[in-house]
1. Under 6 Å between Cβ atoms, which residue pairs at least 6 apart in sequence (or on different chains) link something in region 27-47 that is touching a residue at least 40 places away in the same chain (Cβ under 8 Å) with a partner that is surrounded by fewer than 18 Cβ atoms within 10 Å (Cβ to Cβ) and part of a helix (DSSP H, G or I)?
2. Step by step: first the residues of region 61-84, then only those that are open to solvent by less than 90 Å² (accessible area, probe 1.4 Å) and part of a loop (DSSP other than H, G, I, E, B), then the one that is modelled with the highest pLDDT. Which residue is that?
3. Take the residues in region 2-53 that are away from the ligand (no atom under 15 Å from the Cβ), assigned to a helix (DSSP H, G or I) and among the hydrophobic types (A, V, I, L, M, F, W, C), then tell me which one is farthest from K80 (Cα to Cα).
4. What pairs come out if I take residues in region 1-21 that are under 16 Å from I37 (Cα atoms) and pair them with residues that are outside any loop (DSSP other than H, G, I, E, B) and among the acidic types (D, E) whose C-beta lies under 7 Å away, six or more apart or interchain?
5. Does region 16-43 hold any residues that are of a type in the set (D, E), farther than 17 Å from S79 by Cα and open to solvent by 70 Å² or more (accessible area, probe 1.4 Å), and which are they?
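The values are calculated or read from the model by the stated rules, or taken from the named source; none is laboratory data. Keep in mind that this is a model prediction, so the values were computed, not measured. When we count neighbours, we look across all protein chains shown, and the Cβ atoms used for this are built from the backbone with ideal geometry, even at glycine. Please note that ligands, DNA and RNA were not included when accessible areas were found on the heavy atoms of the full protein model with its side chains. Shrake-Rupley method; radii C 1.70, N 1.55, O 1.52, S 1.80 Å.
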Amino acid sequence: MKLDCKHVWEHISEYIDNSVDAKLREDIERHLEHCEICSAILDSTRNILVLTADDRTFELPVGYSKRLHERLKEEIEKSKQEPPVGGPK
Ligand SMILES: [Zn+2]
């Protein structure tokens with residue numbers, strides 16, 4: 001089964017939190033291996049979470065989900081305009 005980018009984005013924070021099941025985790029990892037967009041999103045999401053952990057409050061920064069949501073929306077718009085990268089060889 002090929003995982004859709006939007007599907008990855010829906011579960012990316014759970015993936016980072018290790019709260020996805022093994023099957024979904026495997027699917028996401030397989031997708032990340034060849035999807036630059038999702039890898040970039042994972043990286044920036046992780047950076048936000050690292051900053052949060054350093055703060056020792058374990059509260060998400062104000063506007064965190066809003067910013068992430070906007071970023072994802074941006075990527076969705078971009079992916080609509082451009083043909084998908086890394087198609088079948
Ligand atoms: Zn993707």
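1. Short answer, once both residue conditions are applied: I37/E75.
2. Among them, the one singled out is G63.
3. This residue is A53.
4. Here the result reads L3/D27, each pair linking region 1-21 to a residue that is outside any loop (DSSP other than H, G, I, E, B) and among the acidic types (D, E).
5. D17, D21, E26, E29, E33, D43
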